[in-house]
1. Anything in the stretch 146-168 that is over 19 Å from the mean Cα position of the chain (by Cα) and either of a type in the set (S, T, N, Q) or assigned to a helix (DSSP H, G or I) (or both)? List them, or say none.
2. Please state which of the following conditions SER148 fails to meet, knowing it meets all the rest: (1) open to solvent by 50 Å² or more (accessible area, probe 1.4 Å); (2) at pLDDT 95 or above; (3) under 20 Å from ALA73 (Cβ atoms).
3. Residues of the stretch 78-134 being in contact with a strand residue (DSSP E or B) (Cβ under 9 Å, 6 or more places away or on another chain), among the charged types (D, E, K, R) and farther than 16 Å from GLY59 by Cα, which ones?
4. In this structure, is VAL139 within 21 Å of ARG181 (Cβ to Cβ) and either part of a helix (DSSP H, G or I) or aliphatic (A, V, I, L, M) (or both)?
5. So THR135 ticks every box in (1) surrounded by fewer than 21 Cβ atoms within 10 Å (Cβ to Cβ); (2) hydroxyl-bearing (Ser, Thr, Tyr); (3) closer than 25 Å to ASN184 by Cα but one. Which box is left unticked?
6. Condition test on GLY128, is it crowded, with 24+ Cβ neighbours inside 10 Å, in contact (Cβ under 8 Å) with a residue 12 or more places away in the chain and not hydrophobic (A, V, I, L, M, F, W, C)?
7. Of all residues in the stretch 122-165 being among the charged types (D, E, K, R) and in contact with a Phe, Trp or Tyr (Cβ under 7 Å, 6 or more places away or on another chain), which is nearest to LEU110 (Cα to Cα)?
8. Cβ-Cβ distance below 7 Å, separation of 6 or more or different chains: which pairs start in the stretch 161-188 with a residue that is within 24 Å of TYR78 (Cα to Cα) and open to solvent by less than 60 Å² (accessible area, probe 1.4 Å) and end on one that is outside any helix (DSSP H, G or I) and of a type in the set (Ser, Thr, Tyr)?
Amino acid sequence: RVYMIKNIRAGFVALLLLFFLIFNLNKSYAEEGGNSLNRFNVVIVLDASNSMNYTDPTGLRYEAIGQFTSLLAEKGNYLGGVVFSNHIGEQSVPGPINNQDQKNNITDLLKSVTSDGVSDDMGYTNIGEALLKGTDMLVQSGNPDLPSVILFLSDGNTEMPTEDEQIKSLDLKADAIQIARENNIKIYS
C-alpha cells in the first residue's frame, strides 16, 4: 500500500513538472524576444533500462509523456523521440506534428522498448549515447526558427557492463552537453 502511494506521488510530481516545463519554456522564450506561440523542437529521450521496471512499474512515465505532448500546440511543433538502454533502441527524428495522432505515434514509439532483465544487449543505462543522439537530431532535423529542448526521462546514472563502455558513455554525455550549449538546446531531466 505504501508502495502504491509512492508511485501515485511520483506520477503526480512528474505531471506537475511537465506542466511547469511547458510554462517555463514559453516564459523563457518570450523573455528572449521569441514568438514561438508554444511551438518547439522537442526530442524526448527515454530510459528503458531494467531499473525502470522497479522505479516506475505502472508506467506513469508514459502518462506524463502523453500529457506533455498533449500540451504542445496542435500544429507547428517538431517532435521526436529516442528510447535507450545499452544502446539506442527505437527512434523518431523530429518532424512537424500537425495532429494528436502524430503525437500519439511518438508516445507509442517510446513505449515500444522495455528491458526484461539485464544482459550484454539490454538493461543497462547508456545516457551518453542517447543524449548525443538527441542533440544530433535537433541540430540536423529541427526547425531552425524554433527553440530546441530535450526532455530526458531516466531514473539513474550512466551504468554500463564494462569499464570501457562506462567511460565511453560518460565521454559521449560530455560531448552531448557541449553540443547542447553551442546550439542553445535546453535539456530538462
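The values are calculated or read from the model by the stated rules, or taken from the named source; none is laboratory data. Predicted model, so just to flag it, every value in this text is computed and none were measured. Cβ coordinates were reconstructed from backbone atoms using ideal geometry, including for glycine residues, and neighbour counts include every protein chain displayed. For the accessible areas, the whole protein counts, side chains as well, though only heavy atoms, and no ligand, DNA or RNA atoms are used. Shrake-Rupley method; radii C 1.70, N 1.55, O 1.52, S 1.80 Å.
1. THR162, GLU163, ASP164, GLU165, GLN166, ILE167, LYS168 - these are the residues of the stretch 146-168 that are over 19 Å from the mean Cα position of the chain (by Cα) and either of a type in the set (S, T, N, Q) or assigned to a helix (DSSP H, G or I) (or both).
2. (1)
3. GLU90, LYS103, GLU129, LYS133
4. yes
5. The failed condition is (1).
6. Criteria met by GLY128.
7. Top of the filtered list is GLU129.
8. Pairs that qualify, where the first residue is within 24 Å of TYR78 (Cα to Cα) and open to solvent by less than 60 Å² (accessible area, probe 1.4 Å) and the partner is outside any helix (DSSP H, G or I) and of a type in the set (Ser, Thr, Tyr), are ILE185/SER148.
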